[in-house]
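Q: Dropping a structure here in structure tokens format, bear with me for questions.
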Amino acid sequence: MYEILEQIHAFISQPWPWWMGGITIGTTLFLLLYFGKDFGLSANLRTMCAADGAGDYADFFDFDWKKQGWNLMVALGAMFGGYIAANYFGGDGMAHVSQATVDTLNNIAEENLLTISTVPLIPGKDVIHNNIPAFWNLYSWGSLFTLRGLIIIVGGGFLIGFGARYAGGCTSGHAISGLADLQIPSLVAVIGFFTGGLIMTWLILPHILRIAF
Amino acid sequence: MKLFKYMVVGFMFGFGMWKLEAISTFRIIEMFHFQSFHMYGIIMSGVIIGIIITQLFKKGKVKTIQGITHPFNDKSHEWWRYILGGTIFGMGWALTGVCSGMMFVLMGSGYTVFAIFIGSAMLGTFAYGYFRKVLPH
């Protein structure tokens, strides 16, 4: 019995192929629609603002946020999912990116810091990966006290929150739910996501990453 | 208990996104450099299965738990908001390598600094709500 469990554990712990995305996203979407809800995680940010009393400042937040409790539970569940996956089914904890990406990462760092077998899943030193080169140590509290980390964490968060509500949805609301419903506005939003992403990745991000302080 | 089922859904989603490496900023960099099919495969397979599921619900072949046909709302045709908002969101997505669902997954997996990221995202959402009337939609 124990051996079988160990085999199941090893099976789940290996990196998942891309088509598992269809199964994961499909199951999530199916269950939420079945429960009579819509899939869209960034709506939680609006709910959290409203719960903190933002309704006093803008009527955009003046709505019955308690009815959105179910979506907060989805986010809470996602947190647990991340915790269990990272700590018990983490596998080798590596991002299995292509050699071309490793070259790109080393080019940005202007140093050969990574090889194909040493790209960590998460660029943060605090928790799981102790061997990550300092240059890629982005998601840690220490990083927050550098200009580079501050722009990436605080600036990135602000853009995500602002853009998601402005566009009326995020990757789950537009790219999944919207496209699945064949909504042209969602297609325009997704084209916007990729336009912004390409501008940032190719023109801006390399300069931000090279800020040394 | 009524809300517990949503936690189960979220759990599966968060667990899957972690194992699919969609929470990795390196995967996002790879995607925006067009160096692997992986992320496109995740999104495209999700959308294709999503289209089938959505059609089943729309045509009423599958009813919701309340026994009704799921009400789908058509998105409004305010093009500027999708173009401008989408581009801003995309820039944030590529800057940190994290989108609004993944920040919860990362926060839960022990990268507690994402509390600051979520706080900033709330601030961004608040800024949108505050300036909504002067923004082009």
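Bear in mind these aren't lab numbers, they're just calculated from the coordinates by the rules spelled out. If you're wondering where the values come from, they're calculated on a predicted model, not measured in any experiment. Here the Cβ positions follow ideal geometry from the backbone for every residue, glycine too, while neighbour counts run over all protein chains shown.
Q: Within the set of pairs 6 or more residues apart or between chains, which connect a residue that is in contact (Cβ under 8 Å) with a residue 60 or more places away in the chain inside the range B:30-42 to a residue that is of a type outside the set (Lys, Arg) with Cβ atoms less than 7 Å apart?
A: Short answer, once both residue conditions are applied: B:Phe32/A:Gly197; B:Phe32/A:Leu198; B:Phe32/A:Thr201; B:Phe32/B:Ala94.
Q: Return yes when A:Asn131 is surrounded by fewer than 16 Cβ atoms within 10 Å (Cβ to Cβ) and either free of Cβ contacts under 8 Å to residues at least 60 places away in the same chain or outside any loop (DSSP other than H, G, I, E, B) (or both) and no when it is not.
A: yes
Q: What about A:Thr201, is it part of a helix (DSSP H, G or I), β-branched (Val, Ile, Thr) and more than 22 Å from B:His137 (Cα to Cα)?
A: It is true that A:Thr201 is part of a helix (DSSP H, G or I), β-branched (Val, Ile, Thr) and more than 22 Å from B:His137 (Cα to Cα).
A quick yes/no check of all residues on (1) surrounded by 22 or more Cβ atoms within 10 Å (Cβ to Cβ); (2) of a type outside the set (A, V, I, L, M):
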site: B:Gly86; (1), (2): yes, yes
site: B:Gly90; (1), (2): yes, yes
site: B:Cys99; (1), (2): yes, yes
site: B:Leu106; (1), (2): yes, no
site: B:Gly110; (1), (2): no, yes
site: B:Phe117; (1), (2): yes, yes
site: B:Ala121; (1), (2): yes, no
site: B:Tyr130; (1), (2): no, yes
site: B:Leu135; (1), (2): no, no
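Q: Then there's this: Out of the range A:161-183, which residues are in contact with a His (Cβ under 8 Å, 6 or more places away or on another chain) and in a helix (DSSP H, G or I)?
A: Matches in the range A:161-183: A:Ala167 only.
Q: (1) within 24 Å of the chain's Cα centre (by Cα); (2) within 23 Å of B:Tyr6 (Cβ to Cβ): which one isn't true of A:Ser13, the others all being true?
A: A:Ser13 satisfies all of (1) within 24 Å of the chain's Cα centre (by Cα); (2) within 23 Å of B:Tyr6 (Cβ to Cβ) except (2).
Q: Here's a follow-up. For the range A:50-90, which positions are farther than 20 Å from B:Tyr111 by Cα and within 7 Å of another protein chain (Cβ to nearest Cβ)? It would help to see each step written out before you state the result.
A: First, pick out the residues of the range A:50-90 that are farther than 20 Å from B:Tyr111 by Cα: A:50-71.
Answer for the range A:50-90, where residues must be farther than 20 Å from B:Tyr111 by Cα and within 7 Å of another protein chain (Cβ to nearest Cβ): A:Ala54, A:Tyr57, A:Ala58, A:Phe60, A:Phe61, A:Gly69, A:Trp70.
Q: Return yes when A:Pro206 is touching a helix residue (DSSP H, G or I) at 6+ places or on another chain (Cβ under 6 Å) and more than 7 Å from chain B (Cβ to nearest Cβ) and no when it is not.
A: Answer is yes for this residue.
Q: Follow-up question, since we're still on this one. Report the residue count in the range B:95-118 for those that are farther than 18 Å from A:Tyr83 by Cβ and more than 7 Å from every other protein chain (Cβ to nearest Cβ). Give the derivation first.
A: Restricting attention to the range B:95-118, the residues satisfying the condition of being farther than 18 Å from A:Tyr83 by Cβ are B:95-97, B:99-100, B:116.
Narrowing the set further to residues that are more than 7 Å from every other protein chain (Cβ to nearest Cβ) leaves B:97.
The qualifying residues number 1.
Q: Quick check on my filter: what residues within the range B:22-38 are over 21 Å from B:Phe114 (Cβ atoms) and more than 7 Å from every other protein chain (Cβ to nearest Cβ)?
A: Scanning the range B:22-38 gives a single hit, B:Phe34.
Q: If A:Thr171 satisfies every condition in (1) at the interface with chain B (Cβ under 7 Å from one of its Cβ atoms); (2) in contact with an Asp or Glu (Cβ under 9 Å, 6 or more places away or on another chain) but one, which is the exception?
A: Of (1) at the interface with chain B (Cβ under 7 Å from one of its Cβ atoms); (2) in contact with an Asp or Glu (Cβ under 9 Å, 6 or more places away or on another chain), only one is false for A:Thr171: (2).
Q: Looking only at the range A:183-203, count how many residues are more than 7 Å from chain B (Cβ to nearest Cβ) and not β-branched (Val, Ile, Thr).
A: Within the range A:183-203, residues that are more than 7 Å from chain B (Cβ to nearest Cβ) and not β-branched (Val, Ile, Thr) number 3.
Q: Another question, then. With the structure loaded, tell me whether A:Tyr34 is crowded, with 16+ Cβ neighbours inside 10 Å, facing chain B (nearest Cβ under 9 Å), out of contact with any helix residue (DSSP H, G or I) (no Cβ under 6 Å at 6 or more places or on another chain) and aromatic (Phe, Trp, Tyr) or whether it fails that test.
A: Yes: the conditions hold for A:Tyr34.
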